[in-house]
Amino acid sequence: LQYGTTEGDPSLRKMLVERHNRQGLNLSIENLIIVTGSQQAIDLIAKVFLNPDDYVICGLPSYLGGINAFTVYGAKLKGIPLDEQGMIVEELEDTLITLRELGRKVKLLYLIPDFQNPAGITLPNSRREKIIQLAKKYDILIIEDSPYREVRFEGEPQKLMQELDPSGRVITLCSFSKILAPGFRVGWVIGHPAILDKLVMAKQTADICTSTFVQKVIARYMEKGLLEQNLKKTIDLYRERRTFMLQCFKKYMPEAVRWTEPQGGLFLFVTLPQTINANDIFNKAIERNVAFVTGSTFFCNDTGRNTMRINFSYSNPDEIDTGVKRLAEVICEELASK
Ligand SMILES: Cc1ncc(COP(=O)(O)O)c(C=O)c1O
C-alpha cells in the first residue's frame, strides 16, 4: 500500500499492452500509462498542450467533460457537425483552412470514434484515415477518446486510430469505467513515449499516482480472466436493454421524433421536432420520475436544443417501458400545446 510509480502498476500496464497487441497494436510498455480515469487524461493533455486562445476541434455534439476540460485552460472550441457516420471530413477541412487563414492556432482534435458520446455513432475506417491525413497536413494532435469501444453488441469493430497512425500523432484514451467499474477511477493512455513523458510530469503534480490498491485489484481481476467474462455478461445485458428500449420507442413515440439505433455504448440520441426545446420538457419529465440529459449541453455552439441523450443500460425492462411511455406522453403534450 505504498505510493507507486506515476506511470502505473507495471503488471497492469504489461497486461494491457499484451491485450492491445493481441488486438492488432504493436505497443511496448513505454507506450502506455495508467491514469485516474480517462477524464484525468483529458485534463492532463489540456494542461500540457493548450495555451489560452488555442483552438480545439470537437464534434457537434461532443462529450461535455471534454468540452469543459478544454475551456478551463482557456482554449476556444470549434464544433464540426456529424452525419450518420460521424464527423464530416469536408467540414473539418474547411474549418481548418478558415482558422489557418485567420491566423488561429489549432492544437487538438478531440474525437470519440467509437459509439460517440452522446450521438452513439462509430466512425468508419475510411474517415479515420482521412482525418489522420488532415491532422498531419495541419499539424494537429488527435485525442482518440474511446471508453465505449469494447461495449459492442453487433457489427465489426473499426480500427483504433492509434493503429492507423504509427507516427505518434494520436493519443488514445481507454477506461475501465464502462467495462468494469467507474468508481475505481482507472483508465489508461496509449501514445508516443515523448507525449506520455509530458503527461507523467503533469500527473506527478496532480495526484502522484493512481491508487496502487485499486490498480492491483484490477490486475488480479484481469489475471484471473474475469474481465473478459464480465464484459461478455455486460454486453449481453446492455444489448437486451438497448433492443428493448428501441421497441418501446417504436411503440410509444410520436411520428415526428427520431432516434439513433446504436450498435454499442450506453445511449440513444433523440431528435425532437424543431419546435420543441428539450430544456422545456425536462422538468415535466422529472415530475413523472423520468430523467434524461438535455442535448444542448453537448453542443459547444449553443445549438441542439431539440435533442436529448437517453441511457438504456441502467434501468430494467419494466422501468424502461414505463419511462419511455411517460416521456412520450410529455412530448405529445408539448407537441399539442404548440
Ligand atoms: C467520452 C468520454 N470520455 C471520458 C469519460 C470519462 O471517463 P472516466 O470515468 O474514465 O474518467 C466519459 C464518461 O462518461 C466519456 O463518456
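The values are calculated or read from the model by the stated rules, or taken from the named source; none is laboratory data. Remember, predicted model here, so these are calculated numbers, not experimental data. Because the Cβ atoms are built from the backbone with ideal geometry, glycine has one as well, and the counts that use them run over all protein chains shown. We work out accessible area using only protein heavy atoms, side chains counted, and drop any ligands, DNA or RNA first. Shrake-Rupley method; radii C 1.70, N 1.55, O 1.52, S 1.80 Å.
Annotations
- Where Val257 falls short, out of the listed (1) within 25 Å of the chain's Cα centre (by Cα); (2) surrounded by fewer than 19 Cβ atoms within 10 Å (Cβ to Cβ); (3) touching a residue at least 60 places away in the same chain (Cβ under 8 Å): (2)
- Of note, Pro124 does not satisfy the criterion of being farther than 25 Å from Ile195 by Cα, of a type outside the set (Val, Ile, Thr) and open to solvent by less than 10 Å² (accessible area, probe 1.4 Å).
- Every residue from segment 127-147 that is of a type outside the set (D, E, K, R), within 16 Å of the ligand (Cβ to nearest atom) and open to solvent by less than 10 Å² (accessible area, probe 1.4 Å): Ile142, Ile143, Ser146
- Exactly one residue out of Gln85, Gln23, Gln2 is open to solvent by 30 Å² or more (accessible area, probe 1.4 Å) and within 30 Å of Lys105 (Cβ to Cβ), and it is Gln85.
- Of the residues making up segment 90-111, none is part of a helix (DSSP H, G or I) and within 16 Å of the ligand (Cβ to nearest atom).
- Test: residue in segment 228-243 that is more than 16 Å from the ligand (Cβ to nearest atom), touching a helix residue (DSSP H, G or I) at 6+ places or on another chain (Cβ under 6 Å) and open to solvent by 10 Å² or more (accessible area, probe 1.4 Å): no
- Within segment 13-60, the set of residues being assigned to a helix (DSSP H, G or I) and within 15 Å of the ligand (Cβ to nearest atom) comprises Leu16, Ser38, Gln39, Gln40, Ala41, Ile42, Asp43, Leu44, Ile45, Ala46.
- Close contacts from segment 161-178, counting a first residue that is more than 14 Å from Gly265 (Cα to Cα) and a second that is within 16 Å of the ligand (Cβ to nearest atom) and open to solvent by 20 Å² or more (accessible area, probe 1.4 Å), with Cβ to Cβ under 6 Å and a gap of 6+ residues or different chains, come to Val170/Gln162; Thr172/Gln162.
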